[in-house]
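Here the structure comes first, spelled out in C-alpha cells, and everything after it is commentary.
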Amino acid sequence: MRITKEQFKTDFRQRVQEKFTNEVEEASNGELFASLGAVIQAYYSDEWKETRKATRDDKCKQAYYFSIEFLPGRMLKSNLLNMGLLDIVRDSLKELDIDLEELCKIEKDMALGNGGLGRLASCFMDSIASSSLPGNGNGIRYDYGLFKQKFVDGNQVELPDEWLREGNVWEVRKASKAVNVNYGGHVYLKEDEAGRLKPVYENQQVLRAVPYDTGMVGFQNDMVNTLRLWSAEIPDFEESNYRSIEERRDFRDLTSVLYPDDSNYEGRLMRLVQEYFFVSAGIQSIIRSHKKSGLAMKDLAEYIAIHINDTHPALCVPELMRLLIDEENLSWEKAWDITVKTMSYTNHTIMAEALEKWPVFMLQEVVPRIFQIIEEIDRRFVAEMTSLVDQEVIERTRIIKDNQVHMAHLAIIGSHSTNGVAKLHSDLLKGIVLHDFYVLYPERFNNKTNGIAQRRWLQLANEPLAGFLDQTIGTSWRKEANDLHLLMNYKNDSTVLQTLADTKRLNKVRLAQYILETTGIEVSPDAIFDVQIKRLHAYKRQLLNLLHILKLYFDLKADPNADIYPRVFIFGAKAAPSYTYAKYVIKCINEAADLINHDEEIQGKLKIVFLENYNVSLAEMIIPAADVSEQISLASKEASGTSNMKLMLNGAVTIATLDGANIEIRDVVGDENIVIFGLTEEEVYHYYETQNYQAIKIYETDSELQRILNAFIDGTIPNIQVEGQEIFDSLIRYNDEYFTLRDYHSYVEAQEKIERLYRDKKRWQQISLINTAEAGHFSSDYTVRRYAEEIWQIEPVKG
Ligand SMILES: *Cc1c(COP(=O)(O)O)cnc(C)c1O
C-alpha cells in the first residue's frame, strides 16, 4: 500500500473532523484511535473488496475455518505492519505530536477465546492471508470476551470484559447478509408431492444471525480475507412472539458470553445452542454464496473446504447434510459423499475431561432435525461396519452410545481428514486414543504441527530484535521465516551475541518497568527471567514450578549466602471460574510470592511476579523479555503448546518435558540447546498400565519434598489453610494425578543445569541465538500451507 505522509495526515485530520467534529490537536486519545482505525480500515477496503471479487470471479476453491474461539488481541499495529504502513504512520503521527504506542493501548484486546486454541485460529488467519490463500474464519461475536482477571488478597476475581463498549473500529455489520437459524420445537417427517420424506417443524424458535465481518490483512500482498463473526438477534417478524423482556433477553444472550473454560468440557444447554447457531449461520451463508456464483450443489466439495477446529463446530456435518437433503433435494448418498469430501477436523486434546459429549435429550430438545440426521449417520455407520469389524469396535466407535452423542466420533466419521497438532499428539491419536478409527480409516489421519505468526510474535512484539536481525541477516526472514536460519552464521560472532544479549536486556528493563508500575514489585533485569505463561491447569503443572521455587527459598533460608543466581519467576495464567483447584494454585503462588518477595533475609535473590489478566497483549510484553521458557506439562498431556514456540522465537531457552511440540523443538535445536527432564510419554502410560505409582511413598521417604509439601499445611506459607490443604491432598491423598512429585527431582536437576548454562554467558547467548535461528520452522505460514495442500486443496490467489 502506497500512501505518503502528507496524504495520511490529510486523511487523518479529515477523519477526526468528520467523526468527532474536532481538531487533531484537541482530540482525546480515544477519538484519535477511533479515527486512525477508520482511516486504516478505509485504506484496505479496496483490497478487501478485490480479494472477494477475485475469489468469486476465478471460482477458486475456498476454505472456511470454523472455530468457536478466535483470539486476535489488538489489531491496529498488526494491520499497519501487514499493510506496510507502520513506519509512515508512526512518523506522521509523531509530526503531529502523537505517540502511536499510546494510541495502541486504547484498543481493547479482542479476546474471543480462552487460550491456545483461539490464538492458533488467529495465527492461522494471519498466515492464510499472508500466504495469499483464500481462507476465511467463521465464529461467534461474543458481546463479552474472556473475563478480566484481578487478584484480591491473592484470589482470582473475574470481571466482565466489555470490549465493545467504545465500539469496534475493525468490524463491519452486514445486515443484508443475515440468515435465520431455527432451533427447538418438534419435527416429524412427511412425504411431499414428489414422494420424498420432508421434515415438518412445529413451535420452532427463530433467531436472526447477523454477521460482523473483519478484514484479515495479509502481509504486504494486497490480500484481505474475512473473519465472519455471528451475532444473535430477534427477527422482526417474530418479535411479537417473544412477549416478556426476560424472554427477549434470553435470545439475545445467546451470543453474549464466551464460555470461560479451557481443556474442560461443560455440557451446558446454552453452549449447545451457540454451537449450532454459528455452524448453521456459517454453512447457510456458504451455500448461499456458492449458489449465487451459479455453481451446482453437487460440485460443492470442489469449491469449498470446511474445517472443524476441535469438536465445537462438529454439527457442521449434520447441518450440511440437512441443507443438502432437506433444502437442496439431494439423495442421502450424494449428500454424504459431498459432506465427507468438504469437511476436515482437527483434534486438540486427548484428555478425557475435555472430550465433548452431549446427552441425547439435549440434542433432541435443541436441534431435533439435526439429531434425526445424526441418528441416521450413526445407523448407517453401524450397518456398514458390521460386515467389516468386530461388534466391540463398533460399540467403541459409533456416534451415539449410552444416550450420549460423541462429537469427536461425529467429526471423524463425517470428514475426510483428522489431524493432531504435533507429532507426538498425532501418534497418540493413531496409536491409542483414536486407534479404532485409525484402523477403520488409516488414510484420514495426519499430523499438522501447530505454528505461530512470526509477524505478531517477533516483528511487532520485539522490534529491537527484529531491527537487529534486519541489520545482521537482511529482511527476507520477514516473509520467509526459515531465513531466520541465516543467523546460524553468527553463532560464534561475539559482537552479534553481545548485541542480542543487549536487546534481551532492553526488553527486560521494559518488562521490569511494567512489573513495578502494575505490582509495585522491584525486579532486577540482571536476574534470570523465568517465565510460565499459559492457562492454569493441573496438567500444565504450575505447581511443579512452585515446588522448585520453594526449594530455592528454603535453601536460601538455610544459608542466606547460598550461591543461587538471582531469578524472577514470572507467571501469567487465568483459571476457569469453576475450576476450584486451579484457583487454589493461584492463591498459593500469590501467597508464596508475598512471603518470598518480602523476606529481606534472602536479599532479593528470588522474586515471584504473578501478572494479572494474562492475554495476548501481555504475552507480547512478557515473551521478548523471557530468558527461560517453562514447558513442564506431564508428558502426553499438552497436545502441542504454542507459547513454547513464541518464547523460543524470542531467544528464551526452554526447560521442558518431552511433550507436544517440545519434542519437535528439541529435534530442531538439538539436545544441547534445550533442557529436557521428566517422565516420557511411554513411562507415563506404563504407570497407567501397572497402576503402581504411589505418591505417598515419595512423600514418606523424601525429606526435601516433605519439607516443601508441609509448607502448604503448616503455616509456612500464610493464609492458605484451605487451599494449601487441598493442594496437599491432591498430591498425597489422591495420588498426584499428574506425577508432579515423580518429576520433581528431575526438574530440579534441569533447573540447576539452566543456572549453570546461564552463568556461562557466551554459552547462554549462543543457545539463545540458536533458538531464534531455528524457530522459523514453527511459523504458522508453513503450517497453513500444509493444511492448504494436503487437507483443503486450495491454492494461492494470483494477484
Ligand atoms: C500462545 C497463547 C496461549 C497458549 O499458550 P500455551 O502455553 O501453548 O498453552 C494462551 N494464551 C495466550 C494469550 C497466548 O498468546
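So the values come out like this:
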| quantity | calculated |
| --- | --- |
| For the chain: relative contact order, % (alpha-carbon pairs under 8 angstrom, 6 or more apart) | 14 |
| Estimated FRET transfer efficiency when R0 is 30 angstrom, pair E158-E600 (beta carbons, to 0.05) | 0.30 |
| Range of Cα positions in region 290-432 per principal axis (Å), largest first | 45, 33, 33 |
| Kyte-Doolittle at least 0.5, axis length at least 18 Å by Cα - qualifying DSSP helices, the chain | 116-130, 542-558 |
| Positive dipole terminus of the chain, leading residue within Q542, G474, L428 (C-beta point charges) | G474 |
| Where Rh is the Kirkwood radius over Cα pairs, Rg/Rh for region 534-582 | 1.11 |
| Region 560-613: C-alpha pair distances exceeding 12 Å, % | 67 |
| Largest to smallest accessible area among V181, V433 [probe 1.4 Å] | V433, V181 |
| Lys/Arg +1, Asp/Glu -1 at C-beta; the chain dipole; positive extreme among A558, S730, S231 | S231 |
| Rg(Cα) / (2.2 N^0.38 Å) computed for the chain, rounded to two decimals | 0.97 |
| Where E795, E31 fall by accessible area, highest first, once all protein chains stay in place (1.4 Å) | E795, E31 |
| Quotient of Cα Rg and 2.2 N^0.38 Å for region 127-235, N being how many residues it contains | 1.58 |
| Net charge, R567 excluded, C-beta distance under 10 Å - Lys, Arg +1, Asp, Glu -1 | -1 |
| Most to least accessible of D427, D483, D402 (protein chains only, probe 1.4 Å) | D402, D427, D483 |
| Built amide H within the under 5 Å cut-off of T226, gap 5+ | G137, M216 |
| Solvent-accessible area per residue, Å², over region 510-607 with all protein chains present [probe radius 1.4 Å] | 33 |
| Computed helical MRE - 222 nm, the chain, DSSP H runs ≥ 4 contributing -39500 (n - 2.57), nearest 500 | -14000 deg cm²/dmol |
| Relative counts (whole %) of C-alpha pair distances in region 694-799, using bins that are 5 Å wide | 2, 10, 11, 11, 10, 8, 8, 11, 12, 7, 5, 3, 1, 0 |
| Paramagnetic reach from Q706 in region 717-731 [backbone N under 18 Å; point 7 Å along Cα→Cβ] | 728-729, 731 |
| Loop-resident sites, region 754-799, for trypsin sites (Lys or Arg not before Pro), counting at most 15 other Cβ within 10 Å (DSSP) | K798 |
| Cβ-derived FRET efficiency at R0 45 Å, E789 paired with S45, nearest 0.05 | 0.90 |
| Protein accessible area in the chain, 1.4 Å probe - carbon and sulfur % | 47 |
| Charge dipole magnitude, Cβ of K and R +1, D and E -1 - region 569-675, Cα centre, debye nearest 20 | 360 |
| For q = 0.13, 0.19, 0.25 Å⁻¹, Debye-computed log10 I/I(0) when each Cα of region 490-565 counts as one equal scatterer | -0.64, -1.06, -1.11 |
| For I608, residues with placed amide H under 5 Å, excluding near neighbours | F569, N597 |
| Gain in span if fully extended, N403 to K298, counting 0.36 nm per residue against the direct Cα distance | 34.4 nm |
| Residue-normalised accessible area of region 717-799, expressed per residue, 1.4 Å probe, Å² | 45 |
| Solvent accessible area, Å² - E700, 1.4 Å probe, full protein context | 110 |
| The chain - charge dipole about Cα centre, Lys and Arg +1 at Cβ, Asp and Glu -1, debye rounded to 20 | 1600 |
| Förster radius 35 Å - calculated FRET efficiency between S387 and N446, Cβ distance, rounded to 0.05 | 0.80 |
| Surface accessible to a 1.4 Å probe, S92 within the full protein complex, Å² | 0 |
| Estimated distance in nm for a label pair at K762 and V360, the labels positioned 7 Å out from Cα along Cα-to-Cβ | 7.2 |
| Length gained when the stretch A352-E6 is fully extended (0.36 nm per residue, less Cα-Cα span) | 118.7 nm |
| Ratio of Rg to Rh over region 56-123 (Cα coordinates, Kirkwood Rh, two decimals) | 1.13 |
| Relative packing of 594-606, 555-567, which averages over residues the other C-beta atoms within 10 Å, highest first | 594-606, 555-567 |
| Net length gained if the chain between Y581 and E749 were fully extended (0.36 nm per residue, minus Cα distance) | 57.8 nm |
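The values are calculated or read from the model by the stated rules, or taken from the named source; none is laboratory data. Small disclaimer: the values here were computed from a predicted structure and weren't measured. Methodologically, a virtual Cβ is constructed for each residue, glycine included, from the backbone with ideal geometry; neighbour enumeration extends over all protein chains shown. With ligands, DNA and RNA removed, areas are computed over all heavy atoms of the protein, side chains included. Shrake-Rupley method; radii C 1.70, N 1.55, O 1.52, S 1.80 Å.
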